[in-house]
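Worksheet: one structure, shown below.
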Amino acid sequence: MSMDKAIGSASVRLSKKLTRIINFYLKPYHITTEQWSVLRTLNESDEISQKELSIRSDKDQATLTKILDLLVKQQNVERIPNPIDRRSFLVKITPKGARVAEEVSPYLETVFEKITIGINEERLALYQEVLHSLEDNIERLLEENN
């Protein structure tokens, strides 16, 4: 089997299935996996710039802007003027958004417990190690090509 099929296609397939199942479980909260990753990042941060949020949540600026627009509309986050740079905004989670994050976080932990049933901690640790190695190699390749 080619590496493309064994790693590339398998990773894409898994990512799509994970997104589909997590979106299903997030539906009652009226957020998507993309919105959740931003909300979770903000819940772990203080007021941060949109650029910093883009880096921390691994979202490009255009995608992040759309996600933030939806989260602002839902009153889960707010944009506030940046006192240091009037051309930009800081983003922070609202009390409502913090409540959503506090509810969703343990809920998703139980979902991931179901997803990982039958996989012991040692194998999960190895999986994470391999994922980090792949990600590091990809980052290195991206840097070489820029």
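Coordinate-derived values only; no laboratory data. Everything numeric here is computed off the predicted structure, so don't read it as measured data. Glycine gets a Cβ as well: all are built from the backbone with ideal geometry, and neighbour counts include every protein chain shown.
For segment 23-76, which positions are touching a residue at least 12 places away in the same chain (Cβ under 8 Å), of a type in the set (Lys, Arg) and more than 15 Å from Ala98 (Cβ to Cβ)?
Of everything in segment 23-76, those that are touching a residue at least 12 places away in the same chain (Cβ under 8 Å), of a type in the set (Lys, Arg) and more than 15 Å from Ala98 (Cβ to Cβ) turn out to be Lys51, Arg56, Lys59.
Out of (1) more than 19 Å from the chain's Cα centre (by Cα); (2) under 15 Å from Val38 (Cα atoms), what's the single condition that is false for Ser88?
(2)
I need the full set of residues from segment 83-108 which are hydroxyl-bearing (Ser, Thr, Tyr) and buried (at least 16 other Cβ atoms within 10 Å of the Cβ), in order please.
Across segment 83-108, the qualifying residue is only Thr94.
Considering only residues that are touching a helix residue (DSSP H, G or I) at 6+ places or on another chain (Cβ under 8 Å) and surrounded by fewer than 16 Cβ atoms within 10 Å (Cβ to Cβ), look in segment 59-78 and name the one that is nearest to Arg20 (Cα to Cα).
Thr63
Do we have Glu109 as without any contact (Cβ under 8 Å) to a residue 40 or more places away in the chain and within 13 Å of the chain's Cα centre (by Cα) here?
Judged against the criteria, Glu109 is not a match.
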